[in-house]
Amino acid sequence: MKMDVSSSGTPPTRPQGTKLVDGFGRNVTYLRVSVTDRCDFRCTYCMSENMKFLPKKNVLSFEELSEIIGRFIERGVTKVRLTGGEPLVRRDIMALISRLSKHLDGNQLKELTLTTNGSQLARYAPDLIENGIRRINVSLDTLDEKKFSDITRRGRLAQVLAGIDAADKAGLKIKINMVAMSGFNDEEIEPMMIWAHGRGFDLTLIEEMPLGEVSGNRSKSFLPLRDVRDKLASKFSLEKIDHKTGGPARFVRIAQTGGRLGFITPMSHIFCESCNRVRLTCTGKLFLCLGKENNLDLREPLRQKGLAGLDAALDNAMILKPKGHDFDHTRKEPAIDRHMSVTGG
Ligand code: SAM
Ligand code: SF4
């Protein structure tokens, strides 16, 4: 069990009851699951060129993943997001999605969703709809073919756009996620917004986070979304709206396009006080905060003591959830060694 309480305030006390409530009184209702740390892309801000992936023998089976996720749902989690790595490259992924979708019937689970790079959507979009998925996030940082292959190192824009078309046709609601990077796509934010809103998609901008060693200099590419927002506001009317997705994005409506624009600002604005999220890796580690190392293993308690072991581990986990993170974009080295693909976005 690892713990870092450096910026966590007073050490919390053990929570009571079956719901997952952390030591700061926050209800944990949102579970993100990285079903694989592998990916068909190598986005420069997410991975290094030569990534070392987790050994396959350590990866949880679908039975184990379903058991753990099911227990979270029993204990009050209402939203599950599958992520990665690229969730749709895990072999036979629809078998896991189909199992999890059963929880939607009982109304305990309100939403099952996923974040994807879109490369496999053309193949899977109809299956996703059939299994109760209604909304997905698709990551897309540029609409320029050459820049797309540069940033993803091995992706093809046409394949992703075809995936987005297939998802749209199948009836999935789409939100585009765009990591805003100075000197790379800052000039493309407005055209991306016009394109996304023209297609009826929401667009969320994300500040780059210092997770894992990558080849670029993050302190140079960091783009504060406050500045982006000010620039957009000089040309468009940004209307405050109360749209909530259960995640950290704050939304406005753009009067001129009628579409929604979200801002995820982990670096320039701390949103930790309302954090309802925890993250499970494909090897069964539970991370309590994206920006801290606090984590604990769920695999061994489950294997050795079954659901009772799992429940005890979840109670312990609530004590480990820190009050917040303290990312600093001016530092050259990563704040956290772990890449985003291990815990998922
Ligand atoms: N492969 C899928 C995808 O790209 O959508 C899911 C996993 S990916 C790690 C989830 C999200 O995290 C993506 O939107 C990606 O752009 C974002 N991301 C990855 N590394 C990041 C970083 N260092 N800072 C901010 N966002 C990051
Ligand atoms: Fe893969 Fe997603 Fe990371 Fe890009 S951001 S390398 S698509 S996991």
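Give the Debye-formula value of log10 I(q)/I(0) at each listed q (0.09 Å⁻¹), with one equal scatterer per alpha carbon of region 30-343, two decimals each. Values returned for q = 0.09 Å⁻¹ are -0.44. Based on protein heavy atoms only, region 193-233 ends up with 42 Å² per residue of surface accessible to a 1.4 Å probe.
At full extension, SER48 and ASP297 could sit 87.1 nm farther apart than now, given 0.36 nm per residue minus the alpha carbon distance. Helix 62-74 and the long axis of the chain differ in direction by around 90°, with both axes built from C-alpha atoms. Computed in the context of the full set of protein chains, the accessible area of the chain at 1.4 Å probe radius has 50% of its extent on carbon or sulfur. Taking amide H as placed 1.01 Å from N in the peptide plane, ASN177 has its amide H under 5 Å from the amide H of VAL138, SER139, LEU140, THR204, each at least 5 places away in sequence or on another chain. Taking amide H atoms as placed 1.01 Å from N in the peptide plane, the amide H of GLU208 lies under 5 Å from those of ALA180, LEU223, each 5 or more residues away in sequence or on another chain. Taking label points 7 Å from Cα along the Cα-to-Cβ direction, LYS102 and ASP150 give a separation of 4.9 nm. Packing, as the average of other Cβ atoms within 10 Å across residues, places the peptides 79-91, 18-30 in the order 79-91, 18-30, highest first.
Comparing Cα centroids, region 280-298 and region 105-167 end up 25 angstrom apart.
Karplus-based coupling profile of region 238-248, in residue order and whole Hz: 9, 9, 5, 9, 9, 5, 10, 10, x, x, x, with θ = phi - 60° in 6.51 cos²θ - 1.76 cosθ + 1.60 and x standing for Gly or Pro.
Distance between the modelled labels on SER237 and LYS57, one decimal in nanometres: 6.4 nm (7 Å Cα→Cβ projection). Database note for the chain: Cys without another Cys beta carbon under 4.7 angstrom, CYS39, CYS272, CYS275, CYS282, CYS289. A protection proxy built from the mean count of other Cβ atoms within 10 Å ranks the segments 153-162, 232-241, 94-103, 276-285, most packed first, as 276-285, 94-103, 153-162, 232-241.
Here the convex hull built on the C-alpha positions of region 161-313 has a volume of 171 cubic angstrom per residue. Here the chain is assigned +1 on the Cβ of each Lys and Arg and -1 on the Cβ of each Asp and Glu. Its dipole about the Cα centre then comes out at about 500 debye. Angle, helix 157-170 long axis vs. longest principal axis of the chain, Cα atoms, 0 to 90°, nearest 10? Approximately 70 degrees, to the nearest ten. Accessible surface computed residue by residue for region 20-159, with neighbouring protein chains in place and a 1.4 Å probe, gives 41 Å² per residue.
The values are calculated or read from the model by the stated rules, or taken from the named source; none is laboratory data. Not measured: the values here are computed from a predicted model. Cβ atoms come from the backbone with ideal geometry, glycine included; neighbour counts cover every protein chain shown. Just the protein is used for accessible areas: all its heavy atoms, side chains included, with ligands, DNA and RNA removed. Shrake-Rupley method; radii C 1.70, N 1.55, O 1.52, S 1.80 Å.
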